[in-house]
Amino acid sequence: MQNVDYIISCDYILPMDEGFSVIRNGAVAVRGHEIIDVGPSDEIFAKYAATAVIRGEGKVVLPGFINTHTHAAMVYFRGIADDLPLNDWLKNHIWPSENRWLSPEFTSDAVELACLEMLKGGVTTYNDMYFYEDSAGEITRKLGMRAVLGSGILDFPTVSAKTPDEYLENARRFINNWKGDDLITPCIAPHALYTCSPETLKKSKAMAEKFSVPLHIHLSETEWEVGEVKVRYNKKPVEYLDSLGFLDETVLAAHCIWVEDNEIELLSKRKVGVSHCMESNLKLASGFAPVVTMLMAGVKVTFGTDGAASNNDLNIMSEMSTTAKVHKALSNNPTVLDAKTTLLMATRWGAEVLGLGDKIGSIEKGKLADLVIINLKKPHLIPIYDIYSHIVYAAMASDVETVMVNGKVVLNDRRLQNADEDKILAKATEWQEKIKS
C-alpha cells in the first residue's frame, strides 16, 4: 500500500481526456500537489492508503473550470453602469470610477470577493487583466487559487502609471516578483489595439518573449473597434497584429467577435487561443463571435466571464450553458457545441491556451490536483442519463460542493477554508457605501 494525502471517490469521474471517458464509481489519489492515480474506486483503495478520504456518493469529480478572461477587481463595480453600449460604459463610467477608486487596497479587497465567487462556482484558475496585480497575486495566493495575472498596459495615464514605459516597467517588476510561483503565473496584458500604439504592442511582445510569459489582449470586440483599426492602420485587427509579429501560441485574445474568415485562418495558423465571453457580449450588445466557424478552423476557443461590471457575475457554468444554446440557435444546428466540446472548452482547452496544459485541465497521473466535486443529489440533476449533458445544461454553480487547488482543499462543503467569508462580504459592503457616495 502506498501512502497518499487524499483519496476522492465519486459516482462519476470526468477526466477530460482525449476519449471523453467516464469512470463510474471511480477514485482519484492525490499526494502533495499531484494526482498520483485515477481509476475504478476498488482498484485505487486496494493500492493506496490515504490520510483523508473524501467520499462522494451521488457526486461527480472533474477538473476545475478555467476562466480565461476577466478583470477580477471590477467585481466592486458590479451593476454600477448597466444597460449601456460598450464605449459609453467604458469611457464615461468605468474609467472615471477606476481613476477615482483604484489602489492596491481596492484591488486586494475586490479580488478577494471575486476569488470567493469563482471558487464557489468551481473555477480553480482565472486569467486576469488589470492593475496593481501584485495585490491580486497576494490575495489569490492566500485563498489558495491559481491565476494568470496580466499587468495592464495602456497608452494613456491612469492612477497606476502615466506613460506606456511606466506601465511596462510595472509589468517587468511584476514578472520578476512572481515568475516561478506555483500558483501565480505573471502575464503582460496590453489592453487593446485602440488603446495601445504599435510601439507599445511591440514592446509588450518583446518583454513577453524576453521573460517567457503569456500575452493577453482584447481583440475585435466591437464594430467600432474594427473600424477604428482600419482607419488608423488600413488593416483588419487580426491582420494588423500579425503584421507586427504579435501573434503566436503565447497569445490569448479575448472576444474576437468581429473577425472575418481570413482572420480566423490566421488565428488558427498562429495557434492563438480565444476567450469567448458570451454573456458579457450579449449584455453589451457587442455581437456574436463566430465560435462554430473558429472551432471548425481549429482555433481553441475557451470561456471567459469578462469582468463582473459587464456580465454581471463570474460564473463559468452559466457561460457554458448559455453559449452552447445560443450558438445552436445561431447556427440553426442543435448538434454544434455539444456538451463534451463545451466542457472541454471550460477545462483542458482553457489550460492549454494559457500555457498550463501540461499541469492542469484534466485528471491525469502527474498533473496538479485542481479538482471540483459537484453534488448530483438535487432535484434538477435527477435522473441522470448523460453526465456531460448534466454538467453543461442542468448543473448550477451552487451545486459545487468541494474545490481542490494544487492538492489543497480550498472550498469544503461550500465554505472557504483560507479566509472568513463574512469579513469578505462586509468589506465589499463598506466599499459599496464609499463608491455610492
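The values are calculated or read from the model by the stated rules, or taken from the named source; none is laboratory data. As the structure is a prediction and not an experimental result, all values here were calculated from the model. So basically every Cβ, Gly included, is an ideal-geometry build from the backbone, and we count neighbours across all protein chains shown.
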Cβ-Cβ under 6 Å pairs, at least 6 apart or on other chains, the stretch 25-42 side surrounded by fewer than 20 Cβ atoms within 10 Å (Cβ to Cβ), far side part of a loop (DSSP other than H, G, I, E, B) and aliphatic (A, V, I, L, M) = none
Checking Lys235, Lys271, Lys210, Lys162 in turn, the sole residue that is of a type outside the set (Phe, Trp, Tyr) and part of a helix (DSSP H, G or I) turns out to be Lys210
Say whether the condition of being touching a helix residue (DSSP H, G or I) at 6+ places or on another chain (Cβ under 6 Å) and either assigned to a helix (DSSP H, G or I) or among the hydrophobic types (A, V, I, L, M, F, W, C) (or both) is met by at least one residue in the stretch 348-357.
-> no
Determine which member of the set Glu117, Glu34, Glu105 is modelled with pLDDT of 95 or more and under 30 Å from Tyr194 (Cα atoms).
-> Glu105
So is Glu138 in the same structural domain as Met320 (by TED's automatic domain parsing) and in contact (Cβ under 8 Å) with a residue 12 or more places away in the chain or not?
-> yes
Picking from Val372, Val392, Val410, the residue that is in a helix (DSSP H, G or I), within 25 Å of Tyr126 (Cβ to Cβ) and at pLDDT 95 or above would be Val392
Residue check: is Ser310 part of a loop (DSSP other than H, G, I, E, B), out of contact with any Pro (no Cβ under 9 Å at 6 or more places or on another chain) and closer than 19 Å to Asp88 by Cα?
-> yes
Taking only pairs six or more apart or across chains, which ones have beta-carbon atoms under 8 Å, a first residue in the stretch 361-373 that is not assigned by TED's automatic domain parsing to the domain that holds Ala147, and a second residue that is modelled with pLDDT under 95?
-> Ile373/Gly56
Just for strands (runs of 3 or more DSSP E) wholly inside the stretch 1-57: which have at least 3 residues that are farther than 19 Å from Ile387 by Cβ and not small (Gly, Ala, Ser)?
-> 2-13, 34-40
Within the stretch 349-391, count every residue that is closer than 19 Å to Ala324 by Cα and surrounded by 23 or more Cβ atoms within 10 Å (Cβ to Cβ).
-> 3
Among the numbered criteria (1) at pLDDT 95 or above; (2) part of a loop (DSSP other than H, G, I, E, B), which single criterion is violated by Ile80?
-> (1)
Do we find a residue being within 20 Å of the chain's Cα centre (by Cα), more than 16 Å from Asn87 (Cα to Cα) and surrounded by 19 or more Cβ atoms within 10 Å (Cβ to Cβ) anywhere in the stretch 226-245?
-> no
When the stretch 206-227 is examined, which residues are found to be on the phi > 0 side of the Ramachandran plot and either in contact (Cβ under 8 Å) with a residue 40 or more places away in the chain or touching a Ser or Thr at 6+ places or on another chain (Cβ under 7 Å) (or both)?
-> Ser220
